[in-house]
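Heads up: the structure comes next, in structure tokens.
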Amino acid sequence: MDKLVIEGGNKLKGEVVISGAKNSVLPLMASTILTSGVNTFTNVPDLADVRTMAELLTMLGAKVEYHKGKLEIDSTGINKWIAPYELVRTMRASVLVLGPLTARFGKTRVSFPGGCAIGERPVDQHLKGLEILGSKIIIDEGYIETKAKKLSGNIIPFDISTVTGTENMMLASVLADGETILLNAACEPEVTDLANALNKMGAKITGAGTDIITIKGVSKLKPIKNYKVMPDRIESGTLMVAAVALSADLVLKNCAFENSGAVIGKLIEVGAEITKVKGGVRVKGTGKLKSVDITTLPYPGFPTDMQAQLMTLMSISRGLSIINETIFPQRYLHAGELRRMGADIKLVGSSAVVRGVDGLSGAPIMASDLRASASLVLAGLIANGRTDILRVYHLDRGYDRLDKKLEQIGAKIWREKE
Ligand code: EPU
């Protein structure tokens with residue numbers, strides 16, 4: 001197993017090309033179950049999660065090939081409908097096959113995802129939606145089984161805003177009889193990316209990006225060609241935080257300025273200078289680090305996937321910051337590791353109180369989930385001395401060679417065997 005080693009305090013400068021979005025490519029890959037033929041995607045990040053989804057699709061009968069950002073999925077041979085525990089437990093997003101498999105085969109057996117390092121993560125809204133579309137739901141030996149002759153369009157009013165829940169219901173209803181209306185749908189840009197791709201395949205979806213999405217069922221979808229996955233707004237947000245924390249001047253290319261409003265707003269409040277440049281964003285840390293309060297919210301609010309990174313920044317900012325995590329109230333495993341590096345963080349229920357300190361000091365620390373590991377990489381870059389981050393596989397699930405990208409702009413970061 002690899003660990004990451006960082007010698008902190010190096011100046012960063014230069015340009016980074018942002019990769020395609022993990023949370024967009026995973027549902028896009030699941031969408032190919034609805035087609036029969038060769039689908040191709042570009043700007044696909046090289047991630048462990050993409051490989052897991054490829055493994056799952058292969059197990060279902062697809063042929064998947066990945067080469068330098070291009071992903072080819074031949075869905076012609078898909079003839080199985082079981083997503084086993086071994087894969088679902090390594091990646092919760094496997095639950096995204098529930099909708100399309102039910103639509104294609106009228107049945108599926110998908111392992112129940114259960115909780116994970118960031119807390120309890122129920123899928124009741126996915127199940128409720130499928131029931132409304134006419135599927136039977138049976139829970140059997142830790143598996144979710146669906147059974148439906150043919151799904152029929154209906155109104156699905158979500159109790160809460162759920163990203164993969166919205167995506168799963170879009171995937172389930174595109175081939176259903178009649179019209180489906182998703183109420184209180186998630187507005188995340190990744191949902192819109194999926195809707196755009198499905199429309200290119202022949203679906204009739206309107207309203208994506210708002211909380212009311214209408215899907216008029218069609219009889220068939222055709223495979224998609226060269227669909228470009230949207231840029232990863234969490235990778236760009238993470239690098240923006242690096243620039244601010246280290247008073248660096250970074251240009252992030254292939255980066256979506258428009259859908260990073262809440263993060264950009266907070267970083268400007270902290271003291272950064274952020275400008276839109278051709279094809280991306282320029283972020284200049286000014287050396288001023290002022291504490292800000294953060295409440296995580298569904299899009300367009302401040303994303304929970306940036307909470308850990310902001311906590312690292314707040315741990316060296318002047319003053320007191322209150323972080324309120326409303327999406328995953330227990331998503332604070334990074335706090336204990338940051339404390340080991342000298343941060344002053346107190347957890348009170350689903351909130352964290354962070355009192356800025358003068359600096360962090362390098363230490364051996366442990367990554368516990370994807371975004372927590374990103375926050376620890378940031379902490380290692382800031383800290384005095386050497387930081388060893390164990391269990392780096394968490395980072396590789398969702399960041400395309402973050403260490404290499406940081407090295408290219410001046411960080412002292414490398415891998416060693418644990
Ligand atoms: N929820 C329910 N019932 C459901 C579904 C969700 O109560 O049936 C709750 C969750 O427990 C949570 C809230 O609703 O409190 C929102 O969860 P959501 O369903 O939106 O999360 P998700 O779809 O499982 C996606 C991302 C996460 C990201 C969240 C929130 C993917 C593959 N994953 O998860 O990404 O944190 O939305 O934006 O899109 C990550 O990339 O590190 C990551 C965890």
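The values are calculated or read from the model by the stated rules, or taken from the named source; none is laboratory data. Small disclaimer: the values here were computed from a predicted structure and weren't measured. Every residue, glycine among them, receives a Cβ derived from its backbone with ideal geometry; neighbour counts consider all protein chains shown. Keep in mind that these areas ignore ligands, DNA and RNA; they rest on the heavy atoms of the full protein, side chains included. Shrake-Rupley method; radii C 1.70, N 1.55, O 1.52, S 1.80 Å.
The table for this structure:
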{"item": "Among residues of the stretch 210-232, those that are within 24 Å of the chain's Cα centre (by Cα) and in a loop (DSSP other than H, G, I, E, B), counted", "result": "7"}
{"item": "Test set (1) at pLDDT 95 or above; (2) surrounded by fewer than 16 Cβ atoms within 10 Å (Cβ to Cβ) - Ser135 fails condition number", "result": "(2)"}
{"item": "Verdict on Gly279 being of a type in the set (Gly, Ala, Ser), crowded, with 17+ Cβ neighbours inside 10 Å and more than 29 Å from Val38 (Cβ to Cβ)", "result": "no"}
{"item": "Of all residues making up the stretch 67-101, the number that are in a loop (DSSP other than H, G, I, E, B), in contact (Cβ under 8 Å) with a residue 40 or more places away in the chain and either of a type in the set (Gly, Ala, Ser) or within 15 Å of the ligand (Cβ to nearest atom) (or both)", "result": "3"}
{"item": "Qualifying residue in the stretch 407-417 (condition: farther than 25 Å from Val251 by Cβ, buried (at least 21 other Cβ atoms within 10 Å of the Cβ) and of a type outside the set (Val, Ile, Thr))", "result": "no"}
{"item": "Close pairs (7 angstrom Cβ cut-off, 6 or more residues apart or separate chains): farther than 12 Å from Leu71 by Cβ in the stretch 18-31, assigned to a strand (DSSP E or B) and more than 9 Å from the ligand (Cβ to nearest atom) anywhere", "result": "Ile18/Pro231; Ile18/Leu252; Ile18/Lys253; Ala21/Pro231"}
{"item": "Output for the stretch 350-376, where each listed residue is small (Gly, Ala, Ser), modelled with pLDDT of 95 or more and part of a loop (DSSP other than H, G, I, E, B)", "result": "Ser350, Gly356, Gly359, Gly362, Ala363"}
{"item": "Output for the stretch 214-237, where each listed residue is over 19 Å from Val44 (Cβ atoms) and open to solvent by less than 20 Å² (accessible area, probe 1.4 Å)", "result": "Ile215, Leu221, Gly237"}
{"item": "Positions within the stretch 282-300 being of a type in the set (D, E, K, R) and open to solvent by less than 30 Å² (accessible area, probe 1.4 Å), in sequence order", "result": "none"}
{"item": "Qualifying residues in the stretch 382-406 (those that are in contact (Cβ under 8 Å) with a residue 40 or more places away in the chain and closer than 16 Å to Val16 by Cα) - the one surrounded by the most Cβ atoms within 10 Å (Cβ to Cβ)", "result": "Tyr399"}
{"item": "Test result for Ser321, free of Cβ contacts under 8 Å to residues at least 60 places away in the same chain and more than 16 Å from the ligand (Cβ to nearest atom)", "result": "yes"}
{"item": "Any hit, the stretch 63-70, residues being more than 24 Å from Gly20 (Cβ to Cβ) and touching a strand residue (DSSP E or B) at 6+ places or on another chain (Cβ under 7 Å)", "result": "no"}
{"item": "Pairs with Cβ under 9 Å, 6+ apart, first in the stretch 210-225 and at pLDDT 95 or above, second open to solvent by 100 Å² or more (accessible area, probe 1.4 Å) and not hydroxyl-bearing (Ser, Thr, Tyr)", "result": "Thr214/Lys204; Ile215/Lys204; Lys216/Lys204; Gly217/Lys204; Val218/Lys204; Lys222/Lys200; Ile224/Lys200; Lys225/Lys200"}
